[in-house]
Every structure is written in structure tokens, then in C-alpha cells.
1. Whole angstrom only: what separates the Cα centroid of segment 190-236 from the Cα centroid of segment 108-172?
2. Using alpha-carbon pairs under 8 Å, 6+ residues apart, how would you state the relative contact order of segment 65-136 in percent?
3. How many nm is it between the label spots at Ala119 and Arg163, if each spot is 7 Å from the Cα in line with the beta carbon?
4. Compute the Kirkwood hydrodynamic radius of segment 152-204, taking the inverse of the mean of 1/r over all pairs of distinct Cα atoms, and give it in Å to one decimal.
5. P(r) for the chain, please, calculated from all Cα pair distances in 10 Å bins and given in %.
6. Using θ = phi - 60° and the Karplus form 6.51 cos²θ - 1.76 cosθ + 1.60, what ³J(HN,Hα) does each residue of segment 90-103 get, whole Hz, x for Gly and Pro?
7. Only helical DSSP H runs with n ≥ 4 go in: add -39500 (n - 2.57) per run for the chain, normalise by residue count and round the 222 nm mean residue ellipticity to 500 deg cm²/dmol.
8. First select every other residue whose beta carbon is under 9 angstrom from the beta carbon of Ala222; then total the charges, Lys and Arg +1, Asp and Glu -1.
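Computed from the coordinates by the stated procedures, all read-outs in this text should not be read as laboratory data. Predicted model only: the values in this text are computed from it and were never measured. Don't worry about glycine lacking a Cβ; one is built from the backbone with ideal geometry, like all the others, and counts go over all protein chains shown.
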Amino acid sequence: MHGSLASNQGLLNAVREGVSGVAEIAVCVPYPYLAQARSVLDGSKVSWGAQDVSEHAQGAYTGEVSGSMLADFGCRYALVGHSERRSFYGDTDGVVAAKFAAAQKAGLVPVLCVGELLAEREAGITGAVVTRQLDAVLASSGVGAFANAVVAYEPVWAIGTGRTASPEQAQAVHALIRERFASESADIARGLRILYGGSVKPGNARELFGQPDIDGGLIGGAALVAADFLAIYGAA
């Protein structure tokens with residue numbers, strides 16, 4: 001929960017002007033700033049999206065924002081299942097699966113976030129946790145839905161802590177994710193974009209992105225500094 005009209009203006013302008021290359025790039029902003037993002041970024045190489053989406057299409061759900069509302073603001077993406085939504089706001093695997101489906105129904109590309117807590121990693125159940133989170137969505141939407149979706153692996157213990165999974169640790173989980181999809185569809189697995197999110201910085205981005213199954217990054221704090229964000233984009 002960061003930003004203001006004034007600070008956003010400088011950040012979005014810098015990102016728009018600093019992007020050159022073939023890597024895809026998008027910013028997911030808080031709901032009140034979607035109109036600003038559209039105004040600044042429309043016609044550029046930078047897409048925009050939201051940090052969450054309601055599982056409901058419409059109705060008496062005060063405070064919620066539907067996929068069709070996000071589409072009205074030109075959003076291309078919506079994050080679903082971010083670890084903070086899961087841990088602070090009680091988004092269960094079932095709720096995340098419903099949000100994923102709602103985003104796609106509205107024409108958005110869901111970015112499905114999965115990842116384990118520190119205690120789960122230390123207990124050696126990272127694979128089981130990540131697979132469970134994926135399976136909830138696969139059971140609801142089917143593997144074909146991932147032809148128009150993105151998966152982001154975000155080890156919760158590495159978000160905002162300064163700790164980062166080693167390239168080898170991150171690659172191992174990314175490979176597990178791709179193998180899970182390959183068990184149902186080799187084509188979907190091959191084309192699936194799997195991002196790493198967990199304290200990605202200019203100094204570690206190139207090595208992380210150099211891993212065979214890491215296709216890019218879901219950037220948190222470093223995205224608040226245009227120079228850092230653009231340096232990570234350059235690494236991609």
C-alpha cells in the first residue's frame with residue numbers, strides 16, 4: 001500500500017520513458033490510481049493491472065472491486081492469491097481459485113501467486129504447499145486456463161525481509177511448478193510464464209532470470225524506485 005498522485009506521476013513517467021526492449025512489463029497499482037496509470041501509460045509498452053480482484057461479478061459486496069470494473073480502466077492483469085492477501089485477509093485456496101476464474105471471465109490475465117512460509121520451508125513441505133495452491137486452481141479452472149495466465153512463485157519468507165531464495169532454490173520450485181503443469185499438458189507447461197517474487201533487486205535479477213525455468217520477476221519494493229525497476233527490467 002504505497003503511492004500518491006504526485007509520487008506516482010514521476011514513477012510512471014520514468015518507467016514509461018525508460019522502457020525499451022522486448023521483455024513484457026506491467027505495473028499493478030492500488031485501485032484509486034488505476035485511472036492515473038491508464039492516463040500515463042496508455043499507448044506505451046507498459047501494461048497495467050490491479051493488486052487484487054473480487055471473486056464476485058456484481059452484487060452487495062461493499063468495498064469489493066469486480067473484474068469488469070478493472071477492465072473498464074483498461075487493466076490487463078490482476079494479481080490473485082498474493083501472500084499478503086492469503087495471510088492478512090484470509091484468502092483461502094478456494095477463494096483464490098474463484099478470483100482466478102473471475103479475472104479470466106472479465107477478460108483479465110490473472111497472475112496467480114503461490115509460495116510457502118518459512119516454517120513450511122524448514123519443515124521440508126515447500127513442494128506440497130505450492131502444489132496444493134496450484135491444484136485448487138487447476139481443479140476449478142482446468143489446465144487450459146493457464147494458456148492465458150501467469151504464475152508467480154513468491155516464497156513468503158523472502159518478501160520484504162531482505163532475504164532472497166538462492167537462484168538454485170528458486171529454480172527448484174519453478175521446475176516443480178512447470179513439471180506439475182507438464183503432467184497435464186506439455187504445451188501449457190512449455191508456454192507458461194513463471195515469475196519469481198521475493199526481494200528481487202538489480203544486483204540479483206540477472207542471475208535469477210538466468211535460471212532455465214524463471215521467466216521474469218514479480219517485483220515489490222524495488223518497483224517503487226524507477227531506476228531499480230528499470231535495471232531489473234533490463235536484466236529480464
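1. 15
2. Working: 68 pairs, mean separation 26.2, N = 72.
Answer for segment 65-136 is 36 percent.
3. 1.4
4. 11.8
5. 8, 33, 39, 19, 2
6. Using θ = phi - 60°, the values come out as x, 5, 7, 4, x, 5, 4, 4, 5, 5, 4, 5, 5, 4 Hz.
7. Values: 11 runs with 109 residues, N = 236.
Value at 222 nm, helices only: -13500 deg cm²/dmol.
8. Working: positive: Lys201; negative: Asp228.
Overall, the nearby charge balance is 0.
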